[in-house]
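The block underneath contains the structure these notes are about, expressed in C-alpha cells.
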Amino acid sequence: MNNFTYHNPVQIVFGKGTIGQLASLIPAGKKILMTYGGGSIKQNGVYDQVKQALAGRARLEFGGIEPNPRYETLMKAVKICRSEKVDFLLSVGGGSVLDGTKFIAAAAFFEGNDPWDILAKNAPINKALPIGCVLTLPATGSEMNMFSVVSRDSTQEKLAFANPQVFPQFSILDPETNFTLPERQTRNGVADAFAHVLEQYLTYPANAPLQDRQAEAILLTLTEEGPKVLKQPRDYAARANLAWSATLALNGLIACGVPQDWTTHMIGHELTALYGLDHAQTLVVVMPAVWKHQKQAKAQKLAQYAERVWGVTGGDQAGQAIARTEQFFQSLGMKTRLSEYGIGSERFEEMGERLARRGSKLGEHQAIGKKEVIEILRLCGPLGA
C-alpha cells in the first residue's frame, strides 16, 4: 500500500427530519445564498422545510443550476455573491447543484480575468465562500468531497477541479427527500456510485486488502439496494443504504494508498460535453469498453472482482466480470452502447484529440493516449462489440 494523506472535514447529518437542524449548522448573522436546480425542491416539500428552518435569517435564492452545471449559469450567481456580499452558500439539491455551488464559492473570490481558469488551467484558489448542503439525490458523493465538475457551452468542455477550500462544512442527508425522485435519476445515481467505486478499485493489486474489502462492500450493497429502491421508491431503509453507499463511494476513503483509473470518467465527460448524455449514462457505456481494452493489464483485479462481487469462481473470470457488470447496468434500465443513443463514430477522433491536448495520458499506468481512447470508443459502439 502506498503512502497517503486523508483529509475530510465534512460534518454529515444523516436521517429523517434533519433539515430542521439547518439554523444551528449555519452561523448566525450570515447572509445566505440558497442554490438549487430546476425547482423540484418546491414540489417535494424540501424547499418549505429549508425555508421554515431558516425563518428570520437573511436569505437570497438562485435557482436553475443544470444537471451538468453550466459555467454561464454559475457566473450569474457569482455576480450576486459579489454584489450582495453573500457570506454563506447553501446548496439544496443533487450533486450537480453542489458541484456548481463549489465553483461559485471559489469564483466569488477569484482575482484573475476568467474564473474558468480554475478548471482549465488549475488556477490557485486561495479563498472560497463557506458551503453547506442539503442533498436530495445520492449519486456523486460531492457532499463529502472537494471535487467539482462544470461544463462550458461556449467551448463544449466539461472539466473538473478539486480544492480543500470547497469542502462543504456540513451535509444533510435525509433519505425521505429521495422518495419522489424520478426513476431515471435513481438509476443514474446507483450507476454513478457503482462506477465511482470501480474507478478506485479495478486497477491492479496494491497490497491494500482493507480498501479492497471496503470497496467490495459498497459494490455489494449497491447491487442489493439499487434494485430495491427502483421497485419500492419509498422504502426508507433501502434509500438510506443507497444514500450512504453513494457518499462513501467518493469521499476518498477507499482511494487511500491505492492506484486509481479515471479513464471512464474522462472519456465520459467528452460524451456529455459533445452529445449531452447524462453523466451516469456515459459511465455505463464507457466502463465495460475500458475493461475490454485493458483486460490483460487489469486481469488480476477483474478476477478478484468477479469472484468476490459476482460469485464467479471459474472459467474466464475477467470476461465474466465485464459481462456481469454490463448486465447489472442493463438491469437498472440503462443503455450500455453508444448505438442505443444513435451516436456513431464521427467524432471519436475529435474526442481523442481533445483529451490528448490536455497533456497527460489516462489510466493507472498512464498508458492510454489518443490512439487508445479512440479504440475504447469503438468498443462502446454497437451491441455485440
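No value in this document is a laboratory result; all are computed from the given coordinates. Small disclaimer: the values here were computed from a predicted structure and weren't measured. Glycine also receives a Cβ, built like all others from the backbone with ideal geometry; neighbour counts cover every protein chain displayed.
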>> Taking the 0 to 90 degree range and rounding to the nearest ten, how far is the long axis of helix 95-107 tilted relative to the main principal axis of the chain, both from C-alpha atoms?
In response: 60
>> Let's test this: bin the Cα-Cα distances of segment 1-78 at 5 Å from zero up to the farthest pair and state each bin's percent.
In response: 3, 11, 18, 18, 19, 16, 7, 4, 3, 1, 0
>> Taking the number of other C-beta atoms within 10 Å as the exposure measure, put 203, 264, 223 in order starting with the fewest.
In response: 223, 203, 264
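Antiparallel DSSP bridges in the chain: what percent, to the nearest 5?
Numbers: 7 of 30 bridges.
Among the beta bridges of the chain, antiparallel pairing accounts for roughly 25 percent.
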> What is the spin-label model distance, in nm, from residue 207 to residue 60 if the labels are put 7 Å beyond Cα along the C-beta direction?
Replying inline: 5.4
>> Going by amide H atoms built from the backbone, whose H comes under 5 Å of the H on residue 31, apart from near neighbours?
In response: 87, 88
> So what are the three principal axis dimensions of the chain from its Cα atoms, in whole Å, longest to shortest?
Replying inline: 65, 46, 44
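Per residue of the chain, what 222 nm ellipticity follows from adding -39500 (n - 2.57) for every DSSP H run with n ≥ 4, rounded to the nearest 500?
Details: 14 runs with 174 residues, N = 385.
That comes out to -14000 deg cm²/dmol.
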>> If you wrap a convex hull around the alpha carbons of segment 47-156, what volume per residue comes out, as a whole number of Å³?
In response: 107
> Over segment 323-385, what number does the Rg to Rh ratio reach, with both radii from the alpha-carbon atoms and Rh per Kirkwood?
Replying inline: 1.04
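Mind checking segment 319-385 for GluC sites (Glu not before Pro) that DSSP puts in a loop (not H, G, I, E or B) and that have at most 15 other Cβ atoms within 10 Å? Numbers along the way, then the final one.
On the way: sites: 326, 340, 346, 349, 350, 353, 364, 372, 375; in loops: 346, 364.
The qualifying sites are 346.
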> Quick one: if you stick a label point 7 Å off each Cα along the C-beta vector at residue 160 and residue 353, how many nm between them?
Replying inline: 2.5
>> Two decimals, Cα atoms only, Kirkwood Rh: what is Rg/Rh over segment 126-249?
In response: 1.00
>> Can you compute the FRET efficiency between residue 11 and residue 127 using 1/(1 + (r/R0)^6), with r the Cβ-Cβ distance and R0 = 25 Å? Round to the nearest 0.05.
In response: 0.75
>> Please give the Cα centre distance for segment 4-49 versus segment 127-149, rounded to the nearest Å.
In response: 10
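What do you get for chymotrypsin sites (Phe, Trp or Tyr not before Pro) in segment 154-190 restricted to DSSP loop and a cutoff of at most 11 other Cβ within 10 Å of the site's Cβ?
Numbers: sites: 161, 170, 179; in loops: 179.
Loop-located and lightly packed - none at all.
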>> Which of 57, 358, 239 has the fewest other C-beta atoms within 10 Å, and how do the rest follow up to the most?
In response: 358, 57, 239
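Where both residues lie in segment 11-177, what percent of DSSP beta bridges are antiparallel, nearest 5?
Details: 6 of 29 bridges.
Of those bridges, close to 20 percent are antiparallel.
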>> Taking 8 Å as the Cα distance limit and 6 or more residues as the minimum spacing, I'd like the relative contact order of the chain as a percentage.
In response: 15
